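The values are calculated or read from the model by the stated rules, or taken from the named source; none is laboratory data. Just so you know, these numbers come straight off a predicted model, no measurement behind them. Neighbour counts run over all protein chains shown; Cβ positions are idealised from the backbone, glycine included. With ligands, DNA and RNA removed, areas are computed over all heavy atoms of the protein, side chains included. Shrake-Rupley method; radii C 1.70, N 1.55, O 1.52, S 1.80 Å.
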Amino acid sequence: MATKVFFYTLRPYDELGIAQRLAPQLDVEFGSVQEYPTLKNAELAKGYDAVSVTPCDMSAPMVKRFHELGVKSICCRSIGYDHVDRETARELGMKVANVDYPPNGVANFAIMLMLMSLRKAGHILKRGEAQDYSLQGKIGRDISNCTVGVIGTGRIGRTVLQHLSGFGCRLLAYDLYPNEEVKKIAEYVPLETLLAESDVITLHTNATEENHHLIDTKAIETMKPGVTIINTARGKLIDSDALIAGLESGKIGAAGLDVLENENGLYYYNRMGDVIPNPELAALRSMPNVILTDHTAFYTHEDVESMVRGVLESAAAFEKGQPTRHDVTDL
């Protein structure tokens, strides 16, 4: 009997076609809607074994509602799963899964943000739109002469280090679980050392209760003047108020941010013409040394297909009582 999966926020212009092609191969039937899950439209998932969601509100009330409707697993179409109340899911006997995807997409996007930030590309492009082609204020830094600190050396962090090794820069790394391959190209150091010695700091770790606001006022105070901060991981890793204060004071020289602390209800929506009640976003957008992208570091053909495939595989494995590497229920 086929496993049944209901997709929320399934995009018709990329994910739908992939799901239509892969589902029959994996003995999965699926339904979908383009809207985010709510307590009201949760009813659409009645009769399905699993639901698949992108980062959204999956707090206890939502998890309980899906359980009441007979849903047995929640399959995230993202590496991060901090938006799901897993404690409630565990209490109800529900499974939770994330996905993985080839690390090149996010890793190369992070390096792109580093290069753009160091060379003031965002500022240069904006001035070019106003036909200001003068040089004053556009001078940048060469990454080859920088020390780059990578926080988190999982698959994406390792790939960042591997690709950066060709630029000739000094590489520092921090992770609770050092990797032997990383040791060949980078130096593992305590977090305090990485923060103090890096010209560029890039984040590549999941958001947890323990690392919430890993980059806060105290951490920024220990950094080098003019440091560049890159975040393509999770917005919760950075205290937005501390980041803005650091940028305003000049302690932080630049930031490249693909994620924000309060991005729910913002990214992946068309908010054109709306008054957006997000003072952090407004402040960051006003700064010429900040590059904001809307949580798109992952967005390549290869990564999207891997994410849809991961959901279908996990849902089928859960239904058959089989193990899956994407099971994060008890992590």
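Against the test of being open to solvent by less than 10 Å² (accessible area, probe 1.4 Å), touching a helix residue (DSSP H, G or I) at 6+ places or on another chain (Cβ under 7 Å) and either modelled with pLDDT of 95 or more or of a type in the set (A, V, I, L, M) (or both), the options THR202, THR217 yield a single qualifying residue, THR202.
The single condition among (1) of a type in the set (D, E, K, R); (2) buried (at least 16 other Cβ atoms within 10 Å of the Cβ); (3) touching a residue at least 12 places away in the same chain (Cβ under 8 Å); (4) over 26 Å from THR54 (Cβ atoms) that ARG127 does not satisfy is (3). Looking across the stretch 312-325, just one residue is buried (at least 22 other Cβ atoms within 10 Å of the Cβ) and polar (S, T, N, Q), and that is SER314.
For the structure I just gave you, tell me whether GLY273 is over 16 Å from the mean Cα position of the chain (by Cα), farther than 15 Å from GLY122 by Cβ and surrounded by 20 or more Cβ atoms within 10 Å (Cβ to Cβ). No, not satisfied.
Can you spot a residue in the stretch 319-329 that is part of a helix (DSSP H, G or I), at negative phi and out of contact with any Gly (no Cβ under 6 Å at 6 or more places or on another chain)? Yes - at least one qualifying residue is present in the stretch 319-329.
Cβ-Cβ contacts under 6 Å between residues 6 or more apart (or on different chains), taken from a first residue in the stretch 297-311 that is at pLDDT 95 or above and open to solvent by 10 Å² or more (accessible area, probe 1.4 Å) to a second residue that is of a type in the set (Ser, Thr, Tyr) and not in a helix (DSSP H, G or I), are listed as SER306/TYR101; MET307/TYR101. Of all the listed residues (GLY235, GLY246, GLY310, GLY253), the sole one being more than 19 Å from LEU113 (Cβ to Cβ) and not polar (S, T, N, Q) is GLY310. Among all residues of the stretch 253-268, there is none that is open to solvent by less than 60 Å² (accessible area, probe 1.4 Å), in a loop (DSSP other than H, G, I, E, B), at pLDDT 95 or above and more than 23 Å from VAL84 (Cβ to Cβ).
Taking each residue of the stretch 67-89 that is touching a residue at least 60 places away in the same chain (Cβ under 8 Å) and more than 21 Å from ASN264 (Cβ to Cβ) and looking for partners that are open to solvent by 30 Å² or more (accessible area, probe 1.4 Å) and outside any loop (DSSP other than H, G, I, E, B) with beta-carbon atoms closer than 7 Å, six or more apart or interchain, yields LYS72/LYS95; LYS72/PHE318; SER73/LYS95; SER73/PHE318. Among the residues of the stretch 63-88, count how many are at pLDDT 95 or above and under 26 Å from GLY154 (Cα atoms). The qualifying residues number 9. Taking (1) surrounded by 17 or more Cβ atoms within 10 Å (Cβ to Cβ); (2) without any contact (Cβ under 8 Å) to a residue 60 or more places away in the chain in turn, ASP132 satisfies each apart from (1).
If the condition is being among the small types (Gly, Ala, Ser) and either open to solvent by 30 Å² or more (accessible area, probe 1.4 Å) or assigned to a helix (DSSP H, G or I) (or both), then the stretch 227-248 contributes GLY235, SER240, ALA242, ALA245, GLY246.
Number of residues in the stretch 6-15 that are surrounded by fewer than 18 Cβ atoms within 10 Å (Cβ to Cβ) and aromatic (Phe, Trp, Tyr): the value is 1.
The numbered conditions (1) touching a residue at least 40 places away in the same chain (Cβ under 8 Å); (2) touching a strand residue (DSSP E or B) at 6+ places or on another chain (Cβ under 6 Å) are all true for ALA2 except (1). For the residues LYS218, LYS224, the requirement of being part of a loop (DSSP other than H, G, I, E, B) and charged (D, E, K, R) singles out LYS224.
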